[in-house]
1. Convex hull over the Cα atoms of the range 431-547, averaged projected area in nm²?
2. Among 187, 540, 545, rank each residue by its count of other Cβ atoms within 10 Å, from fewest to most, as a rough exposure measure.
3. Counting other beta carbons within 10 Å of each residue's own, what order do 165, 448, 173 fall into, fewest first?
4. Taking 2.2 N^0.38 Å as the expected size of a compact globular protein, what ratio does the Cα radius of gyration of the chain give against it, to two decimals?
5. Rounded to the nearest 10 degrees, what's the angle between the helix 275-289 long axis and the longest principal axis of the chain, both from Cα atoms, 0 to 90?
6. May I ask you to sort 360, 465 by Cβ crowding, counting other Cβ atoms within 10 Å and putting the fewest first?
7. With just the Cα atoms of the range 243-392, tell me how far they stretch along each of the three principal axes, in Å, largest first.
8. Taking the Cα centre of each part, how many Å lie between the range 478-497 and the range 38-65?
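Values quoted throughout were computed directly from the atomic coordinates according to the rules given, and no laboratory measurement underlies them. Note that the structure is a prediction, hence the values are computed from the model and not measured. In this analysis, Cβ positions are derived from the backbone assuming ideal geometry, glycine residues included, and neighbour counts consider all displayed protein chains.
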Ligand code: GLN
């Protein structure tokens with residue numbers, strides 16, 4: 001029988017529910033259980049693809065082209081999985097399915113209602129997807145973590161709570177563990193640990209028919225025994241099932257912290273001394289010991305909101321771990337680098353340039369829309385002209401191409417049609433197959449092959465053996481295939497192209513320590529201990545290592 005761990009959240013969002021749920025997954029996997037996961041997002045959007053990173057952080061992209069919540073990235077990285085779009089369940093998807101069935105006549109004669117039609121469909125979906133393998137092996141997994149987004153008590157999550165309440169009877173109570181993640185604030189001069197918010201949140205959950213088996217409480221410091229006992233008494237949970245997830249130096253400590261507090265006993269699994277947990281422990285403690293610095297300038301648009309670039313940050317961290325350096329990310333708002341900003345705010349301008357010039361490497365991540373574009377262009381120019389290691393991802397490849405056309409080929413009117421439809425010299429153009437009328441799920445998405453065009457170059461060596469690489473895409477524009485020859489003759493080589501041999505996927509600049517652009521998003525496939533090759537190259541070059 002499959003084991004289900006259902007993780008809900010209380011009090012407020014942003015408690016690290018996804019990290020807690022993935023960490024529980026690490027323990028299940030360490031105990032030898034093949035584990036998968038499902039993230040439920042109760043919003044009405046079909047998927048995360050049309051949402052701004054300001055709303056929910058980055059849009060994570062899967063092999064099958066699913067544009068999903070960033071928590072699926074946590075699961076893929078922590079559990080080394082390859083999930084599919086169905087692993088992210090949204091209200092938009094469920095309602096579309098039920099309404100389609102209604103139109104077909106599947107419920108003929110019945111009134112279609114939230115209970116039972118929506119709640120049944122949620123349960124069917126969960127059971128079906130939980131049985132799909134995501135670890136590259138055959139057959140159904142042994143365990144599934146289900147994370148319910150939002151906070152208990154939200155109107156939109158009510159049908160899911162009801163479906164999950166019923167689900168325990170469908171699959172057997174003994175096969176379901178309910179985990180509730182909550183907050184214990186520390187207040188006042190003596191640092192009193194407050195339990196009332198958690199008490200209220202559990203009361204709300206129990207009122208909806210679910211009694212948590214385990215409480216995981218976020219706090220700034222370890223919870224005292226007294227606090228745990230109080231929570232146990234008021235929340236109808238066994239005292240050993242009250243866990244604290246307090247602040248730690250890095251997130252790899254979270255599974256260890258839960259294991260040390262006895263989570264494995266409660267889940268009735270044995271992960272004591274398993275090699276996976278040993279590796280995990282070594283990684284967590286090793287990371288704390290790194291002292292030698294490396295700094296990367298991140299020239300982006302959502303620099304106030306690091307979740308907008310979560311996978312890029314993870315990729316940088318994984319690569320930094322591999323080269324044994326302590327990573328500093330210098331966040332630079334791209335528009336602050338533009339000369340026009342100098343007249344608006346000279347201080348921002350000089351801070352931005354100071355940060356750029358003091359960084360060991362430069363990264364321009366993906367993005368949409370024209371804000372900050374000229375700032376990204378000058379960041380690419382600065383890196384190219386000063387031999388500073390540069391990695392351009394998707395939009396970062398496109399701006400570097402525009403910069404090269406303008407300043408090396410001398411075509412001042414070069415731009416992307418994304419920013420200027422009537423551009424004089426279209427260096428980057430709209431891809432012919434992309435819809436101009438529908439924005440949801442219509443980009444060039446998901447895993448596509450890139451075929452090497454050369455026998456040897458830095459980025460090819462980083463990827464290792466093989467004629468091609470498979471990485472995940474998410475874009476509407478591409479380098480104009482008509483100008484590739486002209487650009488290449490000036491030294492910017494398109495060393496990887498798509499299967500048609502027309503579309504540029506990777507460039508590398510001759511005679512530069514590391515100047516690489518990729519049209520795809522390598523950040524979606526990084527793993528701790530197995531960093532994404534383009535990021536590893538950036539960090540190696542930024543640390544002064546030969547490539
Ligand atoms: N806006 C660009 C495009 O659509 C880049 C997209 C991206 O960086 N993901 O092609």
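1. Across all orientations, the range 431-547 yields a mean hull projection of 8.2 nm².
2. Listing 187, 540, 545 from fewest to most nearby Cβ atoms yields 187, 545, 540.
3. 173, 165, 448
4. Against the compact-globule rule of thumb, the ratio is 1.03.
5. 60
6. Placing the least packed residue first, the sequence is 465, 360.
7. So the extents along the principal axes, rounded to whole Å, are 63, 27, 25.
8. 33
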